[in-house]
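Okay, structure first, notes after.
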Amino acid sequence: MRVATFNINGIRAAQRRGFETWLAERRPDVVALQEVRCPPEQLPSGVFGDHHLAYEPGHIAGRNGVAVLTRTRPAAVRTWDGEVLVRAPGEEHLHTEPSPPGTMARGLSPFASEGRYIEVDLADAPVTVASLYLPKGGLPAHLQKPGGREVPDGGARYQRKMRFLASFARQLDRSRKAARAAGREFLLLGDLNIAHTPQDLTNWRSSSRSEGFLPEEREWFSSIVSPRTLVDVVRAQHPDASGPMSWWSWMGGAFDRDTGWRIDYHLATPGLARRAVTAGTDRPASGPERVSDHAAVVVDYAD
């Protein structure tokens with residue numbers, strides 16, 4: 001079973017840059033997408049090929065949006081906002097389906113309408129797959145300086161991200177245990193906007209006071225992974241490597257220098273993680289071939 005996670009930075013832009021070619025050539029069985037950034041009525045026709053689509057667009061125009069593509073229609077779909085678009089290949093309808101109640105952990109309601117989380121039960125494998133787009137956040141107030149990349153906000157974006165992390169840890173524990181009770185493995189895919197260790201970004205020393213690599217963010221990440229709960233599959237396959245990176249800025253030649261961050265993950269329950277055969281990042285050969293500022297992270301799991 002080939003599984004990919006891909007922050008596509010807008011499906012319409014990704015289509016122009018070659019998303020459909022990537023999908024046809026790599027032939028993943030499951031794809032988690034983040035930052036789809038598109039109202040359902042404007043999704044490009046046929047862009048998802050022969051995959052079924054489960055899509056949570058959220059309600060913030062031009063931002064966020066998460067989806068899961070599967071070879072067969074999912075057995076169940078859950079999201080936080082209560083409604084989700086489910087389409088078979090070739091369909092273009094706009095009616096949504098209700099999500100089962102009681103799937104959102106305490107503290108997540110302020111984020112429920114933002115299009116950040118969706119999970120599906122695969123129909124052809126005993127696995128629950130989730131797609132997450134975690135808030136980017138910002139710096140705490142004491143690290144903010146006038147004239148920086150972002151206007152100082154007194155730490156508001158930072159505090160919001162930390163609230164999300166605390167609440168999502170409860171969600172993650174709930175979803176993982178629900179999957180286990182149903183006899184399923186659990187797989188969290190997505191853009192977590194956190195580099196966990198110094199191996200996960202190129203210039204870690206100079207980034208030690210940057211959002212995405214703050215000590216408290218990394219501590220949270222450590223709290224959700226362990227050999228008994230969730231395993232970072234790519235790191236388990238490449239324990240001593242730098243990267244493989246999955247995000248590079250569009251600016252300053254970062255891609256050509258491979259100055260990047262590993263912020264896109266497969267976090268799998270141990271039984272599924274042990275079935276990983278190959279794991280890596282689909283880094284394009286050159287900058288002009290990039291579909292997104294992220295690259296797809298692809299893992300092949302043995303049946």
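The values are calculated or read from the model by the stated rules, or taken from the named source; none is laboratory data. In this text, all values refer to a predicted model and were calculated from it rather than measured experimentally. Cβ coordinates were reconstructed from backbone atoms using ideal geometry, including for glycine residues, and neighbour counts include every protein chain displayed. Heads up: the accessible areas ignore ligands, DNA and RNA and are worked out on the full protein's heavy atoms, side chains in. Shrake-Rupley method; radii C 1.70, N 1.55, O 1.52, S 1.80 Å.
Among the residues of the range 220-235, those that are in contact with a strand residue (DSSP E or B) (Cβ under 7 Å, 6 or more places away or on another chain) and within 15 Å of T278 (Cβ to Cβ) comprise V233, V234. For the range 37-66, how many residues meet the condition of being closer than 16 Å to H93 by Cβ, touching a helix residue (DSSP H, G or I) at 6+ places or on another chain (Cβ under 9 Å) and open to solvent by 40 Å² or more (accessible area, probe 1.4 Å)? Number of matching residues: 2. If I filter the range 15-36 for residues that are of a type in the set (D, E, K, R), at pLDDT 95 or above, under 19 Å from the mean Cα position of the chain (by Cα) and surrounded by 22 or more Cβ atoms within 10 Å (Cβ to Cβ), do I get at least one hit? Yes.
Yes/no matrix, rows are residues, columns are (1) open to solvent by less than 20 Å² (accessible area, probe 1.4 Å); (2) touching a helix residue (DSSP H, G or I) at 6+ places or on another chain (Cβ under 9 Å); (3) modelled with pLDDT of 95 or more:
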{"position": "V231", "(1), (2), (3)": "no, yes, yes"}
{"position": "A236", "(1), (2), (3)": "no, yes, yes"}
{"position": "M245", "(1), (2), (3)": "yes, yes, yes"}
{"position": "G260", "(1), (2), (3)": "yes, yes, yes"}
{"position": "A268", "(1), (2), (3)": "yes, yes, yes"}
{"position": "R290", "(1), (2), (3)": "yes, yes, yes"}
{"position": "H294", "(1), (2), (3)": "yes, no, yes"}
{"position": "V298", "(1), (2), (3)": "yes, yes, yes"}
{"position": "D303", "(1), (2), (3)": "no, no, no"}
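Does the range 155-169 contain any residue that is touching a residue at least 24 places away in the same chain (Cβ under 8 Å) and farther than 30 Å from W248 by Cα? There is no residue in the range 155-169 that is touching a residue at least 24 places away in the same chain (Cβ under 8 Å) and farther than 30 Å from W248 by Cα.
Here the range 201-229 is the region considered, the condition is being modelled with pLDDT of 95 or more and in contact with a Pro (Cβ under 7 Å, 6 or more places away or on another chain), and the residue that is most open to solvent (accessible area, probe 1.4 Å) is R228.
Close contacts from the range 6-17, counting a first residue that is closer than 20 Å to L132 by Cα and part of a helix (DSSP H, G or I) and a second that is acidic (D, E) and open to solvent by 60 Å² or more (accessible area, probe 1.4 Å), with Cβ to Cβ under 9 Å and a gap of 6+ residues or different chains, come to A14/E20. Let me spell it out: the conditions are (1) surrounded by 18 or more Cβ atoms within 10 Å (Cβ to Cβ); (2) assigned to a loop (DSSP other than H, G, I, E, B); (3) free of Cβ contacts under 8 Å to residues at least 60 places away in the same chain, and I194 meets all of them except one. Which number is the exception? Of (1) surrounded by 18 or more Cβ atoms within 10 Å (Cβ to Cβ); (2) assigned to a loop (DSSP other than H, G, I, E, B); (3) free of Cβ contacts under 8 Å to residues at least 60 places away in the same chain, only one is false for I194: (3).
Cβ-Cβ contacts under 6 Å between residues 6 or more apart (or on different chains), taken from a first residue in the range 89-107 that is closer than 26 Å to A169 by Cα to a second residue that is among the β-branched types (V, I, T) and not in a loop (DSSP other than H, G, I, E, B), are listed as S99/T79; S99/V84.
With respect to being in a loop (DSSP other than H, G, I, E, B), at pLDDT 95 or above and in contact with a strand residue (DSSP E or B) (Cβ under 6 Å, 6 or more places away or on another chain), G115 fits the description.
Quick one: is R176 touching a residue at least 12 places away in the same chain (Cβ under 8 Å), open to solvent by 10 Å² or more (accessible area, probe 1.4 Å), closer than 22 Å to E219 by Cα and under 18 Å from the mean Cα position of the chain (by Cα)? Yes: the conditions hold for R176. Tell me, please, whether a residue that is part of a strand (DSSP E or B) and polar (S, T, N, Q) can be found in the range 78-89. Scanning the range 78-89 turns up at least one residue that is part of a strand (DSSP E or B) and polar (S, T, N, Q). Only one entry of G82, G90 meets the criterion of being open to solvent by less than 70 Å² (accessible area, probe 1.4 Å) and either at positive phi or of a type in the set (V, I, T) (or both), and that entry is G82. Per this entry, S226 is counted among residues that are assigned to a loop (DSSP other than H, G, I, E, B), within 28 Å of V127 (Cα to Cα) and not basic (K, R). I'd like to check something: does the range 117-127 contain any residue that is touching a residue at least 40 places away in the same chain (Cβ under 8 Å), small (G, A, S) and on the phi < 0 side of the Ramachandran plot? Yes, the range 117-127 contains at least one residue that is touching a residue at least 40 places away in the same chain (Cβ under 8 Å), small (G, A, S) and on the phi < 0 side of the Ramachandran plot.
Quick one: would you say L69 is over 23 Å from H294 (Cβ atoms) and out of contact with any helix residue (DSSP H, G or I) (no Cβ under 7 Å at 6 or more places or on another chain)?
The answer is no for L69.
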